[in-house]
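Colleague: Pasting a structure below so you can have a look.
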Amino acid sequence: MPSTETPPRSIGVVGASHAAVHLADRLRDQGYDGAITLISHEPRLPYQRPPLSKAWLKGEATSESLLLRDPAHYADKEIELFTGVRAERVARTPAGARIEFAGGSRPREFDRLVLATGARARTLTLPGSDHPDVVRLRDLGHACVVAERVRKGPIAVVGGGFVGLEVAATARSLGAEVTVIEAGSRLLGRAVGEVTATALLAAHRAMQTDIVLDAQPAAIVTAADGVRGVRLTDGREIPAATVLIGIGAEPRTELARQLGLDCAGGVVVDDRCTASDGWTLAIGDCTTRVSPATGRHYRLESVDNATTQAEVAAAVLAGSTAPAAAAPWFWSDQGDQKLQIVGLIGGYTSVVVRTDPDKPRRKVALYFGDEGLVAAECLNAPADFVALRAALGRGHRPGPEALADNSIPLKKLLTPIRS
């Protein structure tokens with residue numbers, strides 16, 4: 001196996017989204033002067049994805065405003081960027097790794113390999129699900145199709161997760177009739193606690209979005225002129241001219257499996273972003289780690305995770321000190337509802353919910369384990385989120401009794417803890 005002790009002369013990165021671009025920039029910032037190559041299967045320059053379900057659909061973002069970096073940035077930083085090229089096969093060599101491309105492009109060899117392959121939208125296998133009016137949202141190409149469909153009649157969103165709810169809220173703001181079909185008993189069942197889920201359910205219904213819980217789609221009903229609706233297993237039919245499948249994403253692990261790397265819901269990495277072979281690095285949405293609290297694998301899909309892992313991987317590659325681990329955080333804007341989460345919610349033993357009678361839209365759910373605070377969900381409470389993120393980022397873990405007094409602002413309660 002090639003050495004990991006000295007900085008490589010060339011680094012090949014498969015993928016060119018947030019994680020990959022930030023990795024390249026951090027390497028240059030740390031003085032790495034070897035060759036850096038980013039390989040993207042998309043034909044576009046690297047761009048932001050979070051606005052696709054919001055600003056892009058509203059027409060408030062352009063292709064240029066979505067770009068992660070100015071086009072000249074890559075040449076200025078001497079970052080080689082290949083777009084519209086799919087890495088089809090990868091293998092280790094005595095000197096590093098060899099990448100072969102679809103379409104017959106010349107193979108490339110690199111001293112060190114980083115997988116930033118991301119994830120793809122999950123699909124449903126149902127009668128009618130292959131109709132062109134059944135759409136998904138993962139990349140800019142998808143977003144262009146969704147934006148075109150928003151004003152063409154009722155929209156059914158299959159899946160009450162983050163992307164589905166963001167699209168539903170945006171479509172409602174544009175005047176579309178929207179129904180969200182969720183198989184579980186509540187929204188965001190795997191992502192947030194019951195208090196937050198209940199509050200968001202009420203908020204979406206207040207936006208006049210129809211939310212159907214405990215509902216399983218059986219088929220997409222089509223007619224000669226397009227989609228007619230979604231038929232549920234109980235026989236009900238939800239009218240729709242467009243069906244958006246929003247049931248989550250699956251990591252792209254094909255190349256990792258070619259290398260024989262451990263994959264369990266993603267490419268398994270350690271706290272240095274190193275895969276199971278001890279040599280390949282992986283960052284971003286394609287990765288999974290083991291939670292110290294629960295012992296289970298977990299995967300984070302967020303800009304924060306992408307940039308954090310990129311910084312760690314850059315330090316590993318450049319032979320510098322990796323930054324200390326911070327509390328992970330995530331956000332979701334759903335219409336006028338701003339949800340911000342810090343920490344990992346699994347493994348908690350108690351919950352404290354803070355509300356404000358003068359600001360009924362504000363709600364904070366605090367999750368505590370045996371050693372204190374582990375995570376928080378802040379709904380329409382950005383100041384509380386900032387204070388909680390700072391506290392958790394410094395390793396402070398107050399117990400529930402320290403934050404239970406609802407009459408005292410959370411920032412004030414955290415001040416003596418933080419100091």
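Colleague: Taking only the alpha-carbon atoms of the chain, what semi-axes of the equivalent ellipsoid follow from 5 times the gyration tensor eigenvalues under a square root, in whole Å, largest first?
Modeller: The three semi-axes for the chain are 36, 31, 19 Å.
Colleague: Right, something else. So, in nm, how far is label Arg98 from label Leu174 when the simple model puts each one 7 Å beyond its Cα toward the Cβ?
Modeller: Computed distance between label sites Arg98 and Leu174 equals 4.7 nm.
Colleague: Under a no-solvent Debye model with one identical scatterer per Cα of the stretch 250-312, what's log10 I(q)/I(0) at q = 0.26, 0.28 Å⁻¹?
Modeller: Each listed q corresponds, in turn, to -1.16, -1.30.
Colleague: Assign unit charges at the C-beta atoms only (+1 for Lys and Arg, -1 for Asp and Glu), then state the dipole size of the stretch 35-108 relative to its Cα centre in Debye, rounded to the nearest 20.
Modeller: Magnitude of the dipole: close to 340 debye.
Colleague: Ok, one more. Decide, for the stretch 277-419, between rounded, prolate and oblate: order the square roots of the alpha carbon gyration tensor eigenvalues as a ≥ b ≥ c, take rounded if a/c falls under 1.5, and otherwise choose prolate if a/b is larger than b/c, else oblate.
Modeller: prolate
Colleague: Let me ask you something else. Towards the positive end of the charge dipole of the stretch 84-143, with charges on Cβ (+1 Lys, Arg; -1 Asp, Glu), say which of Ser105, Ala143, Val90 has the farthest Cα.
Modeller: Comparing the listed Cα positions along the dipole, Val90 ranks first.
Colleague: With each run of n ≥ 4 DSSP H residues scored as -39500 (n - 2.57), what mean residue ellipticity at 222 nm is computed for the chain after dividing by its residue count and rounding to the nearest 500 deg cm²/dmol?
Modeller: -7000 deg cm²/dmol
Colleague: Rounded to the nearest 0.05, what FRET efficiency do Val195 and Asp370 give with R0 = 22 Å and r taken as the Cβ-Cβ distance? Could you check?
Modeller: 0.55
Colleague: Let me ask something else. What is the gain in length, in nm to one decimal, between Ala325 and His142 on full extension, counting 0.36 nm per residue of separation less the C-alpha to C-alpha distance?
Modeller: Taking 0.36 nm per residue and subtracting the Cα distance, the gain is 62.5 nm.
Colleague: So if I restrict to the alpha-carbon atoms in the stretch 111-244, what is the Rg, and what is Dmax, the biggest pairwise distance, in Å?
Modeller: Cα-based Rg and Dmax for the stretch 111-244 come out at 15.6, 57 Å.
Colleague: A further question on this structure: In percent, what relative contact order does the stretch 52-176 have, based on Cα pairs under 8 Å that are 6 or more apart in sequence?
Modeller: 27 percent
Colleague: So, in Å, what gap is there between the alpha-carbon centers of the stretch 366-419 and the stretch 211-270?
Modeller: Centre-to-centre distance over Cα atoms comes out at 36 Å.
Colleague: For the stretch 66-135, what's the relative contact order in percent, using C-alpha pairs closer than 8 Å and at least 6 residues apart?
Modeller: Once divided by the residue count of the stretch 66-135, the mean separation gives 16 percent.
Colleague: Based on Cα coordinates alone, diagonalise the gyration tensor for the stretch 78-188, multiply each eigenvalue by 5, take square roots, and list the semi-axes in whole Å, largest first.
Modeller: Ellipsoid semi-axes (Å, largest first): 39, 16, 14.
Colleague: How much of the accessible area of the stretch 338-416, probe 1.4 Å, is carbon plus sulfur, in whole percent?
Modeller: Roughly 53 percent of what the probe reaches on the stretch 338-416 is carbon or sulfur.
Colleague: Pairs of Cα atoms under 8 Å, at least six residues apart: use those to get the relative contact order of the chain, whole percent.
Modeller: 14 percent
Colleague: So which helices of the chain fit the span-like rule, where a helix is a whole DSSP H run, its Cα atoms reach 20 Å or more along the axis, and its mean Kyte-Doolittle is at least 0.5?
Modeller: Counting only whole DSSP H runs, the qualifying helices are 303-318.
Colleague: Still on this structure, please answer the following. So which GluC sites (Glu not before Pro) in the stretch 73-108 end up in coil per DSSP with only 13 or fewer other C-beta atoms within 10 Å?
Modeller: Glu78
Colleague: Which number comes out as Rg/Rh for the stretch 174-315 once both Rg and the Kirkwood Rh are worked out on C-alpha atoms?
Modeller: 1.09
Colleague: Is there a quick way to get the dipole size of the stretch 289-419? I mean about its Cα centre, with the Cβ of Lys and Arg at +1 and of Asp and Glu at -1; what is the value in debye to the nearest 20?
Modeller: Here the size comes out at about 80 debye.
Colleague: Going by the alpha-carbon gyration tensor, a ≥ b ≥ c the square roots of its eigenvalues, is the stretch 1-139 rounded (a/c under 1.5) or, if a/c is not under 1.5, prolate (a/b greater than b/c) versus oblate?
Modeller: oblate
The values are calculated or read from the model by the stated rules, or taken from the named source; none is laboratory data. Just so we're clear, the structure is a prediction, and the values are computed from it rather than from any experiment. A quick note on method: Cβ atoms are made from the backbone with ideal geometry, for glycine too, and the neighbour counts reach across all protein chains shown. Each accessible area value is taken on the protein alone, full model and side chains, heavy atoms only, with ligands, DNA and RNA left out. Shrake-Rupley method; radii C 1.70, N 1.55, O 1.52, S 1.80 Å.
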